[in-house]
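Novice: Take a look at this one; I'll ask things after.
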Amino acid sequence: MSLATGPATAGRHAPTPEAQAFDRFLAATSPICERQSSLLCVDSAWRFADSDGDQGLSLGELTGIRDGLRAWLTWKDEEVPVAQRRMVQFGLLLVDGMGLPYLVESYDADGDGAVSRTELLSDLRLDARPLGQVLLDSNAVDWEALNRRLGPIAGSLKGLGVKPE
């Protein structure tokens, strides 16, 4: 799935700086994530997400990413295919429903208040395939651990096309 929509900006809303930054991120990262190793995809996304370079994602950084995605989606509105827009909106609903503080706490194994790359990927086995292929491979996801971590929300992943066991 590519969220990159190209240079057109036909949306009715003026872009915020956060939306523009997210758009640049998607333009640079989408081709990597679609065609190259899931490891390279995550490396690229991590560089964007870890804005202070401390090797951990804080609640503030994750809030900025969520808000940037929401602003980008508002800006691009009609340019994003309906199915993709609904999937992103559903994902945002899940994140907001669980709450970012809960997600940070559930992944922050060492209790330092931030999520390291190792902690974030603890339930996923990346490899040379593109990220989309990895995420669709039930053997690449530790569903038992993910279900424990996300609780009743894990069942909602079915709405994203991901089927927990």
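The values are calculated or read from the model by the stated rules, or taken from the named source; none is laboratory data. Note that the structure is a prediction, hence the values are computed from the model and not measured. Counting neighbours? That spans all protein chains shown, and the Cβs are built from the backbone with ideal geometry, glycine included.
Novice: Which condition breaks for G91 when tested against (1) among the small types (G, A, S); (2) touching a residue at least 60 places away in the same chain (Cβ under 8 Å); (3) surrounded by fewer than 14 Cβ atoms within 10 Å (Cβ to Cβ)?
Specialist: All conditions are met except number (3).
Novice: Output the qualifying pairs, or none if there are none: Cβ atoms under 8 angstrom, residues six or more apart or on different chains, first residue in region 100-112 and closer than 11 Å to L59 by Cα, second residue at pLDDT below 95 and surrounded by 13 or more Cβ atoms within 10 Å (Cβ to Cβ).
Specialist: L103/V95
Novice: Regarding region 104-126, can at least one residue be identified that is closer than 15 Å to R66 by Cα and part of a helix (DSSP H, G or I)?
Specialist: Yes.
Novice: Could you list, in sequence order, all residues of region 1-55 that are in contact with an Asp or Glu (Cβ under 7 Å, 6 or more places away or on another chain), modelled with pLDDT of 95 or more and outside any loop (DSSP other than H, G, I, E, B)?
Specialist: Passing the criteria: S38, A49.
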